[in-house]
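Chemist: Handing you this structure, nothing more for now.
The values are calculated or read from the model by the stated rules, or taken from the named source; none is laboratory data. As the structure is a computational prediction, the values presented were derived from the model and not from experiment. Glycine also receives a Cβ, built like all others from the backbone with ideal geometry; neighbour counts cover every protein chain displayed. Please note that ligands, DNA and RNA were not included when accessible areas were found on the heavy atoms of the full protein model with its side chains. Shrake-Rupley method; radii C 1.70, N 1.55, O 1.52, S 1.80 Å.
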Amino acid sequence: MRFDYHTQYRQGFALLPHTSDRVLYGLLIALLLAVPFFASTYLLGELGYVLILCIAAMGLMVLTGFTGQVSLGHASFVAIGAYAHAWLMTQGLPFALSLPLAALISAGAGLVVGIPAIRVSGLYLAMVTLAFSIVVEQVIGLWRGVTGGFMGMLVPNPDLLGLSLSSPRAFYYVCLFFTLAVLLVLLNLMRSGIGRSFVGVRDSEAAAYALGIPVKRVKVGAFGLSAGVTGLAGALMAHHIGYLTPDAFTLLLSLDLVLMVVIGGMGSLRGAILGAILISLLPRAVAALKALLPDAMARQSGMEIFVAGAVLAFFVLFEPMGLNGRWLKLRALWESFPLYRRDTFRRQKSYMRSERNR
């Protein structure tokens, strides 16, 4: 058997080095492309919303999962992207120009927050982002000339080269296109030197300084990139909602995004997507649960928050690696059956923990 160095080198840096992975993901994309031909209008709208949440979750994953910076105010960047996109379209800009400009405006807001936020970390950073989210919500409500205030703002219908994109099928394809585009860009970015510097800052700032990584620039850049991707999701969400009000971008949306990242699995774009899918399905699960409960319990408020907290506690206690960790274990089981052993992952976690304590 001849060893081909160039083939092995290319496979080592390929996104999908194995043929089975390419076939499976190809089938998944084909299925997603075929969904509008047999799905109802309601289902297409829900799937489009799930794809938008996937983009927003990937944006937060860049900041929290890969760079280690906590944010409780990412709903503000969703709001900035949504309102900027809607306002630009009302000024006559076409959809193809307004969408990237809204993402850039949101990225600029992320840089503004990131510059002072690099001086704090942990809980203090979370409080800074939370305060920024509250400020943005109040500014949106009071800036009536641009945002319409608390009365709301109508979002123009999207169109591209004279073709309307407002139908459920067309808008679903738009959301699918941007989801795949953002995923491919971030996958390649995280494998580059920039992505490795993100991970280095997350794991150890002292070690990153010793290796010559500009930690402050990396943190600010991560804020800008994360806010830009989240703002892109906000611009798409504006068309999904149709009529913008400050109530759509409250703290609950920020908490949902944090849940997507934590439950999906920190440091994994696949985990961000899986977490977004799970969190988007929770309201339907709660509605089905209420139908099975007695009337006295079903009428109690706060059931959604209770279920979300229970799901979070379950993953923290029993699956700290999130849905992505469970997927990796299932794939390892499939590839190594019948030689798979659960203790393999237990030994790996113990080894990593002992290394951090040295």
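Chemist: Which one is farthest from residue 159 (Cα to Cα), of the residues in the stretch 263-277 that are part of a helix (DSSP H, G or I) and open to solvent by less than 50 Å² (accessible area, probe 1.4 Å)? Write out each step before concluding.
Modeler: Of the residues in the stretch 263-277, the ones part of a helix (DSSP H, G or I) are 263-264, 269-277.
From what is left, the residues that are open to solvent by less than 50 Å² (accessible area, probe 1.4 Å) are 263-264, 269, 271-273, 275-276.
Details: 263: 36, 264: 34, 269: 30, 271: 32, 272: 29, 273: 27, 275: 31, 276: 27 Å.
Checked the stretch 263-277; the qualifying residue farthest from residue 159 (Cα to Cα) is 263.
Chemist: In the stretch 226-250, how many are in a helix (DSSP H, G or I), surrounded by fewer than 24 Cβ atoms within 10 Å (Cβ to Cβ) and in contact with a Gly (Cβ under 8 Å, 6 or more places away or on another chain)?
Modeler: Kept after step one, since they are in a helix (DSSP H, G or I), are these residues of the stretch 226-250: 226-241, 246-249.
From the residues that got through so far, the ones that are surrounded by fewer than 24 Cβ atoms within 10 Å (Cβ to Cβ) too are 240-241, 246-248.
Still in the list and also in contact with a Gly (Cβ under 8 Å, 6 or more places away or on another chain): 240, 246.
Adding up the residues that qualify gives 2.
Chemist: Another question about this same structure. Which residue is farthest from residue 256 (Cα to Cα), if the candidates are limited to the stretch 308-322 and must be of a type in the set (A, V, I, L, M) and in contact with a helix residue (DSSP H, G or I) (Cβ under 8 Å, 6 or more places away or on another chain)? Working first, answer last.
Modeler: Restricting attention to the stretch 308-322, the residues satisfying the condition of being of a type in the set (A, V, I, L, M) are 308, 310-313, 316-317, 321.
Within this subset, residues satisfying the condition of being in contact with a helix residue (DSSP H, G or I) (Cβ under 8 Å, 6 or more places away or on another chain) are 308, 311-312, 316, 321.
Working: 308: 9, 311: 12, 312: 11, 316: 16, 321: 18 Å.
Once the filter is applied, the top-ranked residue is 321.
Chemist: Further, regarding this structure: Select from the stretch 67-79 the residues that are among the hydrophobic types (A, V, I, L, M, F, W, C) and open to solvent by 20 Å² or more (accessible area, probe 1.4 Å) and list them in ascending order. Walk me through it before giving the result.
Modeler: Within the stretch 67-79, the first condition is being among the hydrophobic types (A, V, I, L, M, F, W, C), and the residues that meet it are 70, 72, 75, 77-79.
The answer is 70, 72.
Chemist: Does residue 39 satisfy the criteria of being modelled with pLDDT of 85 or more, open to solvent by less than 60 Å² (accessible area, probe 1.4 Å) and more than 15 Å from residue 179 (Cβ to Cβ)? So that I can check it myself, show each step before the final result.
Modeler: Details: modelled with pLDDT of 85 or more: no; open to solvent by less than 60 Å² (accessible area, probe 1.4 Å): yes; more than 15 Å from residue 179 (Cβ to Cβ): yes.
Judged against the criteria, residue 39 is not a match.
Chemist: Does any residue of the stretch 156-167 turn out to be open to solvent by 40 Å² or more (accessible area, probe 1.4 Å) and assigned to a helix (DSSP H, G or I)?
Modeler: No - not one qualifying residue is present in the stretch 156-167.
Chemist: Next question. Looking at 49, 25 in this structure, which one is modelled with pLDDT under 85, within 24 Å of residue 322 (Cβ to Cβ) and open to solvent by 40 Å² or more (accessible area, probe 1.4 Å)? Give the derivation first.
Modeler: On the way: 49 fails: modelled with pLDDT under 85.
Exactly one of 49, 25 is modelled with pLDDT under 85, within 24 Å of residue 322 (Cβ to Cβ) and open to solvent by 40 Å² or more (accessible area, probe 1.4 Å), namely 25.
Chemist: Additional query: Going through the stretch 133-162 one residue at a time, which ones are of a type in the set (Gly, Ala, Ser), at pLDDT below 85 and in contact with a Leu (Cβ under 9 Å, 6 or more places away or on another chain)?
Modeler: Within the stretch 133-162, 148, 149, 152 qualify.
Chemist: Which pairs do you get when a residue that is within 27 Å of residue 50 (Cα to Cα), found in the stretch 283-297, comes within reach of a residue that is modelled with pLDDT of 75 or more, reach meaning Cβ atoms under 6 angstrom, with the pair 6+ apart or on two chains?
Modeler: Partner pairs satisfying both residue conditions: 286/307.
Chemist: Keeping to the stretch 146-171, report how many residues are closer than 11 Å to residue 239 by Cα and small (Gly, Ala, Ser).
Modeler: 2
Per-residue answers, yes or no, for (1) within 18 Å of the chain's Cα centre (by Cα); (2) in contact (Cβ under 8 Å) with a residue 24 or more places away in the chain:
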{"residue": "174", "(1), (2)": "yes, yes"}
{"residue": "180", "(1), (2)": "yes, yes"}
{"residue": "203", "(1), (2)": "no, yes"}
{"residue": "208", "(1), (2)": "no, no"}
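Chemist: Which of the numbered conditions does residue 92 fail, given that it passes all the others? Conditions: (1) at pLDDT below 90; (2) part of a helix (DSSP H, G or I); (3) open to solvent by 10 Å² or more (accessible area, probe 1.4 Å).
Modeler: Residue 92 satisfies all of (1) at pLDDT below 90; (2) part of a helix (DSSP H, G or I); (3) open to solvent by 10 Å² or more (accessible area, probe 1.4 Å) except (2).
Chemist: Looking at 56, 86, 82, which one is open to solvent by less than 10 Å² (accessible area, probe 1.4 Å), in contact with a Ser or Thr (Cβ under 6 Å, 6 or more places away or on another chain) and within 26 Å of residue 169 (Cβ to Cβ)?
Modeler: Of 56, 86, 82, the one residue that is open to solvent by less than 10 Å² (accessible area, probe 1.4 Å), in contact with a Ser or Thr (Cβ under 6 Å, 6 or more places away or on another chain) and within 26 Å of residue 169 (Cβ to Cβ) is 56.
Chemist: While we're on this one: Quick check on my filter: what residues within the stretch 102-118 are surrounded by 18 or more Cβ atoms within 10 Å (Cβ to Cβ) and either modelled with pLDDT of 90 or more or among the basic types (Lys, Arg) (or both)?
Modeler: 102, 103, 105, 106, 107, 109, 110
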